[in-house]
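Structure first, then comments.
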Amino acid sequence: MKRGFHTIMAAQFFSSLADNAVFIAAVELLKSSKAPTWQAAALVPMFALFYVVLAPFVGAFADSRPKGQVMFVSNAIKVIGCLMMLFGTHPLLSYAIVGLGAAAYSPAKYGILTELLPPSQLVKANGWIEGLTIASIILGILLGGQLVGHALSARMLALDFPVFDTGIDTPPEAAIFVLIFVYALAAWFNTRIPHTGVEMRPIPKNALELVPDFWICNSRLWHDKLGQISLATTTLFWGVSGNLRYIILAWSAAALGYSTTQASSLSGVVALGTAVGAILASVRMKLDRATTVMPLGMLMGLLVIAMNFIGNVWVAAPFLILMGALGGYLVVPMNALLQHRGHNLMGAGRSIAVQNFNEQACILGLGAFYSLSAGLGLTAFGAITAFGVVVAGAMYAIQRWHKRNTVVHKDEVDHLLEIARHDNVHG
């Protein structure tokens with residue numbers, strides 16, 4: 001890997017670590033304030049809100065200046081969101097601001113890979129980035145759970161500053177205060193990311209001009225015979241997995257009687273499996289064979305439904321590891337293929353912004369559905385069944401779509417696969 005890749009990984013690790021720990025702290029903050037159940041479920045779609053609203057602008061912003069600079073600014077926005085929580089702003093609004101920072105961060109994080117590396121290394125790079133991201137999710141969820149737990153929070157709240165009163169009186173507030181420093185560490189790594197030498201694309205004076213440009217980019221990816229399949233697959237995967245992060249917390253409480261701290265440990269188990277799957281995919285898969293992993297999506301959907309029949313943690317843990325591994329093995333090659341097609345069609349930042357828009361719109365839609373259902377009394381078991389059916393059915397439809405493309409548009413698909421096999425060809 002080229003110089004700078006490991007710095008990118010370090011920056012991504014600490015930023016993602018804090019994102020996931022803040023999620024657990026925000027859930028506990030809502031619980032401690034006796035907020036309605038639907039508000040905790042609504043944290044997921046609120047995080048996705050700015051990914052959708054600002055999608056036409058964040059990709060162009062990422063392409064207009066060095067990616068490390070974009071990532072630094074994005075982490076600063078996340079810190080502002082954390083400070084808002086500490087100063088009494090509603091957690092849903094504050095967490096949406098953290099999501100704003102994440103929305104600006106993502107096009108730079110993934111876009112720099114296509115600027116730094118040739119296509120032949122994209123699957124490998126994605127495997128490492130996704131593996132490290134998943135590791136940060138595991139540790140972030142565990143860290144958040146421990147920070148709001150009695151053992152650590154009691155020690156943090158016992159600290160007394162002689163000069164001023166911090167106003168931090170509860171475990172989730174103490175956790176959020178600590179996580180601000182994790183974001184600061186990620187920001188320091190952002191300053192060490194080298195310039196790739198790729199020409200910057202200036203933002204037009206009238207930013208609204210970016211809206212039709214974004215929709216053109218979105219349309220180009222959806223009409224590309226490989227781009228549409230990889231985009232549909234990753235959109236579905238992240239839409240469901242983004243919401244499962246909260247659903248597993250609710251399921252752990254309902255099926256196993258777990259507290260937030262205990263449930264966060266079980267959520268980390270899914271991420272552990274995803275990391276294993278991601279690393280295996282980075283070693284075994286090649287870009288031109290990415291579409292062969294789609295049957296794993298249908299199997300993953302069936303496994304989600306099977307969660308309803310588990311009531312023992314010793315069965316749940318290996319089961320969740322397996323489910324996560326299937327997801328990791330599915331998403332890494334499809335994500336790499338999508339980045340490859342997007343980079344060739346429109347540039348790295350704009351491509352990732354289109355990807356984020358579709359994926360986060362799916363998270364937003366499914367999350368809003370789950371929040372509404374929770375408000376109307378739907379149990380975690382019912383939500384899990386619905387999500388499993390959606391995954392299995394949608395993945396079957398996407399697989400049939402691709403098979404039709406290989407017949408009806410055989411020449412175009414063969415040409416795009418040939419491009420994916422070489423580092424020096426674009427199209």
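The values are calculated or read from the model by the stated rules, or taken from the named source; none is laboratory data. Note that the structure is a prediction, hence the values are computed from the model and not measured. Here the Cβ positions follow ideal geometry from the backbone for every residue, glycine too, while neighbour counts run over all protein chains shown. Areas reflect the complete protein model, heavy atoms only, side chains present, ligands, DNA and RNA absent. Shrake-Rupley method; radii C 1.70, N 1.55, O 1.52, S 1.80 Å.
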All-pairs alpha carbon distance profile, region 1-44, 10 Å steps from 0, percent: 25, 33, 21, 14, 7
Mind scanning Lys31/Lys78; Lys286/Lys410; Lys109/Lys225; Lys109/Lys205; Lys34/Lys67; Lys31/Lys67 and naming the pairs with a C-alpha gap bigger than 29 Å? Lys34/Lys67; Lys31/Lys67
What does the extension gain come out to for Lys205 and His150, with contour length at 0.36 nm per residue minus their alpha carbon separation? 14.6 nm
Whole-percent carbon and sulfur share, accessible surface of the chain, 1.4 Å: 66
In whole percent, what relative contact order does region 164-277 give with Cα contacts below 8 Å and a gap of six or more residues? 10
Suppose the Debye formula is applied to equal point scatterers at every Cα of region 1-148; what is log10 I(q)/I(0) at q = 0.12, 0.14, 0.20 Å⁻¹? -0.52, -0.69, -1.24
With +1 assigned to the C-beta of every Lys and Arg and -1 to the C-beta of every Asp and Glu, and no other charges, what is the dipole magnitude of region 336-427 about the Cα centre in debye, to the nearest 20? 180
Please determine, in degrees from 0 to 90 and to the nearest 10, the orientation of helix 43-53 with respect to the longest principal axis defined by the Cα atoms of the chain, where the helix direction is its Cα long axis. 40
Counting only protein heavy atoms and rolling a 1.4 Å probe, one gets per residue an accessible area for the chain in Å² of 40
Furthest towards positive pole of dipole, Ala281, Asn243, Trp38, structure part the chain, Cβ charges: Ala281
In a shell of Cβ-Cβ distance under 15 Å around Thr37, excluding Thr37 itself, what net charge do Lys and Arg (+1) and Asp and Glu (-1) give? +1
Between Asn312, Asn356, Asn20, which gets the highest mean-square fluctuation from a Gaussian network model of the chain, Cα cutoff 10 Å? Asn312
Translational D in µm²/s for region 318-427 (Stokes-Einstein at 37 °C, 0.692 mPa s, Kirkwood Rh from C-alpha pairs): 195
Net length gained if the chain between Thr292 and Glu418 were fully extended (0.36 nm per residue, minus Cα distance): 43.8 nm
In whole angstrom, note down how far apart the Cα centers of region 78-150 and region 373-427 are. 25
What is the Å³ per residue value for the convex hull set by the Cα atoms of the chain? 136
Give me the dipole magnitude in Debye, nearest 20, for the chain about the Cα centre, with unit charges on the beta carbon: positive for Lys and Arg, negative for Asp and Glu. 640
By accessible area with a 1.4 Å probe, ligands and nucleic acids excluded, highest first: order of Glu209, Glu115, Glu412: Glu209, Glu412, Glu115
Solvent-accessible area of Thr274, probe 1.4 Å, all protein chains present, reported in Å² to the nearest ten, please. 20
I'd like the orientation of helix 171-190 relative to the chain: the angle between its Cα long axis and the longest Cα principal axis, in ° from 0 to 90, rounded to 10. 40
Using bins 10 angstrom wide from zero, how does P(r) for region 253-367 break down, in % of all Cα pairs? 13, 33, 35, 15, 4
Compute the distance in nm between two label points, each set 7 Å from the Cα along the Cα-to-Cβ direction, one at Asn308 and one at Ser259. 3.1
Size of region 234-294 as Cα extents on the principal axes (Å, biggest first): 45, 21, 14
Region 11-109 - percent relative contact order, Cα under 8 Å, separation 6 or more: 37
Hey, what did the chain get for relative contact order, percent, Cα under 8 Å, at least 6 apart? 28
What does the charge add up to near Ala10, with Lys and Arg as +1, Asp and Glu as -1, over the other residues with Cβ less than 13 Å from its Cβ? +2
Answer with one residue from Ile419, Val407, Gly388: the one whose Cα lies farthest towards the positive end of the charge dipole of region 378-427, charges on Cβ with Lys, Arg +1 and Asp, Glu -1. Gly388
Based only on Cα atoms, what mean projected area does the convex hull of region 374-420 have, in nm²? 5.0
Region 13-59 versus region 278-339: alpha-carbon centroid distance in Å: 24
May I ask for the net charge around Gln69, where only other residues with Cβ less than 15 Å from the Cβ of Gln69 are counted and Lys, Arg are +1 while Asp, Glu are -1? +3
Rounded to the nearest 10 Å², what accessible area does His6 show when all protein chains are kept and the probe is 1.4 Å? 120
